[in-house]
Amino acid sequence: MRCCKLDFSVLPPLSATQPLAELIEKARAAYQQQDTTTAEFITLQVLELTPASPPALRLLYELRKQTQPRAAEALLRRLVTIDPNDFGLTNELTLLLLNLGKLAEAEIHARNAVRIAPEHAQAHHLMGMVMTSSNRPQFGEYHYRRALELAAGRETILLDNFAWNQKNQGKMEAGRALYQEALALDPRNLQTLLGWAQLEEADRHFDKASDLLTQAEEIVPGQPSVLLSRAVLHGRTRAYDQALAVLDEIARSRKDGALTPGELLEKGRLLDRLGHYDEAFAAFTEGKRLLRQYSGQEYLANHAQRLVDRLTGFFTKGRINITPRAGRNASSPQPIFILGFPRSGTTLIEQTLTAHPLISAGDELPFVNEIVGIMPRMLASPFSYPEALTELWMADQRNGLENLRDYYLQRAAQFGVADPAKPWFTDKMPLNETHLGLISLMLPESPLVHVVRHPLDVMVSVFSNVLTHGFYCAYSLESAARHFVLISELIDHYRAELALKYLPVRPRDSRLRRRAVRSALPAFREEPTLRAHGKLCAGDREALRSVTLSLPTLPATVGANHSDP
């Protein structure tokens, strides 16, 4: 009861802990004199008597955060629970969760930081970071601009993070300008040089990226993050042996000779490209093991299974037949959903489709997941999704799906992806197929392009990257495979029970990719303009070839290339 199961409702008032203030001051004095043993002993004594004492918890947090990150996280959570209006603690917890990749929880606290201090630059800075990290850089940009308005001056770290936001939106020139400004303020700032180098590497300006890394190396020789960026750059230019040599240099510089999870995954990808498949697999395995150990995160198997069980139980022919569907909102461009497991090739298909002049690129749009979360409020239901959809059978909610549809389309307009000059835009959020039933009711006119890549290829690619999609299934090979099977079976259920505008496409089949652009999508056959342009696309070989040449190389897979099923 003293720790994780502490009941905050029965704690004594904070005033009752006042007699212990002298002990806490003694512990703090010991801590300031670097006598951590005495400071810890006294602090634990105080917490035995008053487990919710904020001063004691703060001191224990300071003692734990360098050596016991998971204990520090628990202490910080407790402090924020005791005083949810403490901006400093909320700020620190948000940053901690963000660094651990716990984006959903980080967003809760970042939003609260803005509520606590709406005119504090750091509150908006936090929201910008969270929104950018959770693939909503357009909204992140608003908060970064607000932070710049509220800040006392132009801060290097804020400029750096805003530049990264611009990079994530493909606004490379805007990002460069921000990095230039940040570097002018602090010419020896390592994070500015690293961020700028990564922007140039992403924009294929490899020489410029190399020059920036050289500057960083002159400032801090042998710094691991700089060396890792150098290794990544060597990998991008296919100098794989040089990249591996840099990673070996990082390992030699450490007493334990170990690499971090990110460094191990990069090493595995390099070994994979060289054909050293057993060594690559070993690097991936160790990288993911350390990732689970450091983050404390693993696949949320029970959550995933419960959701799928509820979806298969709800979306049946009988229920769908008595459930109204939303009509088409003719005033807005419509989405084309590009479905697929993470690393299945959805980006390749999106680039092929958006070569068409009447389709704009939406990238990974979070709107379906947002609707899942807010549906109970929008439908005034006591139930969560999917059971909240039973409200559609009530007279006052017969148009509920149209409200959900319009929410989706309005968000697309806010993101700037719904171009009024183009009747279609893409949404390639990974694992949107989990909610095919909802999509088919809410946007029944939208084509569903399902990218089907060989499961072994998908598993290796997922295993070699840090991904949070799918209840953190990518944190081990076994859980990735388990979630792949779970979602595949759910898709089979949807296809058996629902009428869908569904088209499976294999990313390696260029004929099918072109066919998808021209006429395979059901919606294209209903759209005279698109149908006519399909012939133009088919004849414009040079345009299609330029699109193909601009596509990034798909990650290599361990072992032989597998044929699509």
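Observations
- Checking residue 254 against (1) open to solvent by less than 70 Å² (accessible area, probe 1.4 Å); (2) within 21 Å of residue 282 (Cα to Cα); (3) not in a loop (DSSP other than H, G, I, E, B), the condition it does not meet: (3)
- Tallying residues that are open to solvent by 10 Å² or more (accessible area, probe 1.4 Å) and either of a type in the set (Asp, Glu) or under 23 Å from the mean Cα position of the chain (by Cα) (or both) within the range 353-370 yields 8.
- Of the helices (runs of 4 or more DSSP H) lying entirely inside the range 105-205, those carrying at least 2 residues that are open to solvent by 60 Å² or more (accessible area, probe 1.4 Å) are 137-150, 156-168, 172-185, 190-202.
- Residues satisfying the stated conditions in the range 488-510, i.e. at pLDDT 95 or above, out of contact with any helix residue (DSSP H, G or I) (no Cβ under 6 Å at 6 or more places or on another chain) and either crowded, with 18+ Cβ neighbours inside 10 Å or more than 30 Å from residue 296 (Cβ to Cβ) (or both): 492, 495, 496
- Exactly one residue among 30, 56 is surrounded by fewer than 21 Cβ atoms within 10 Å (Cβ to Cβ) and among the hydrophobic types (A, V, I, L, M, F, W, C), and that residue is 30.
- Residue in the range 340-361 that is of a type in the set (Lys, Arg) and within 19 Å of residue 432 (Cα to Cα) present: yes
Conditions tested, residue by residue: (1) part of a helix (DSSP H, G or I); (2) open to solvent by less than 30 Å² (accessible area, probe 1.4 Å).
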{"site": "413", "(1), (2)": "yes, no"}
{"site": "421", "(1), (2)": "no, no"}
{"site": "445", "(1), (2)": "no, no"}
{"site": "470", "(1), (2)": "yes, yes"}
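- Leading residue by the ranking (farthest from residue 308 (Cα to Cα)) among those in the range 380-399 that are in contact (Cβ under 8 Å) with a residue 24 or more places away in the chain, open to solvent by 30 Å² or more (accessible area, probe 1.4 Å) and not in a loop (DSSP other than H, G, I, E, B): 393
- Residue match in the range 263-282 (condition: small (Gly, Ala, Ser), at pLDDT 95 or above and within 21 Å of residue 164 (Cβ to Cβ)): no
- Each residue in the range 299-322 was checked for being surrounded by 16 or more Cβ atoms within 10 Å (Cβ to Cβ) and either assigned to a loop (DSSP other than H, G, I, E, B) or hydroxyl-bearing (Ser, Thr, Tyr) (or both), and 4 of them qualify.
The values are calculated or read from the model by the stated rules, or taken from the named source; none is laboratory data. As the structure is a computational prediction, the values presented were derived from the model and not from experiment. Positions of Cβ are generated from backbone atoms using ideal geometry, with glycine treated the same way; all protein chains shown enter the neighbour counts. The area values use the complete protein model at the heavy-atom level, side chains included, leaving out ligands, DNA and RNA. Shrake-Rupley method; radii C 1.70, N 1.55, O 1.52, S 1.80 Å.
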